[in-house]
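Below is one structure; the comments refer to it alone.
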Amino acid sequence: MIQITIPVGMLQCNCTIVGDPVSREALVIDPGDEINRILELLGRHNLTVKAIVSTHAHIDHVGGLSKLHQYTGAPVMMHREDVPLYQGMDIQAEFLGVAPPEVGEIDQFLNDGDVLRWGSLSAQVMHTPGHSPGSVSLYLGSDAGKVIQAPPQLYAGDTLFAGSIGRTDLWGGSMEQILDSLKSKLMQLPDDTIVHPGHGARTTIGEERQSNPFLKR
């Protein structure tokens, strides 16, 4: 599996490219900014974008959705409950004191339990609200491809970080919901699952189960 993560934009959102080395099809997760860098990486690895996925609609994660769609033609996907956030880019941009990015159409709404497929790979959509109403995580189990992928991988957006969790004081955030998402869904995954958060360093489910102070409550 080809996996490339680069921090992009003012808030250093982790944009991740996940590619099938045989078909060269790829998923791009959270292209928040710096689309030229993302396109250069796609070209360097000869990857064709099958889908563009937003884990949630905060400005630092969606700033490049429309532009990447224009360049690649790949469908843009997010959960329906975050559409109002996406359509409120002017308000989010004003909050940060930046110019609002271009907003485009959402081509497909993601639902809990959906399975995304590209090349020989597949990912399960997990609705993990709390950081935002429509936050989702993508889970690639150990059998996510025809060639066994080990260990499993989780693209958690801003729901879970190394040693922390997503903030809940922004639009539509809920501490009760995020703790439920963490305990009833993410903490049910295997300990060896590698977690790719929306910001900062990778971690594992096992490490967070043992040491994350928010999961000790």
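The values are calculated or read from the model by the stated rules, or taken from the named source; none is laboratory data. If you're wondering where the values come from, they're calculated on a predicted model, not measured in any experiment. Here the Cβ is made from the backbone with ideal geometry for all residues, glycine too, and neighbour counts use every protein chain on show. When the accessible area is computed, the model is the full protein with side chains, heavy atoms only, and any ligands, DNA or RNA have been set aside. Shrake-Rupley method; radii C 1.70, N 1.55, O 1.52, S 1.80 Å.
A few comments on the model shown:
- Over 22 Å [Cα-Cα, the chain], rounded percent: 45
- Take the chain with all the other protein chains still there, run a 1.4 Å probe, and you get 44 Å² of accessible area per residue.
- Of all accessible heavy-atom area on the chain, the percent that carbon and sulfur account for (1.4 Å): 50
- Tensor-based shape of segment 41-85 (alpha-carbon gyration tensor, a/c under 1.5 rounded, otherwise prolate or oblate): prolate
- Between residue 168 and residue 3, the simple spin-label model (points 7 angstrom out along Cα→Cβ) gives 2.8 nm.
- If the chain linking residue 95 and residue 48 were pulled fully straight, counting 0.36 nm for each residue of separation and taking away their Cα-Cα distance, it would gain 13.4 nm.
- In this calculation the C-beta distance from residue 24 to residue 83 is compared with R0 = 35 Å, giving a FRET efficiency of 0.70.
- For residue 135, neighbours were defined as the other residues whose beta-carbon sits under 13 Å from its Cβ, and their charges (Lys and Arg +1, Asp and Glu -1) total -3.
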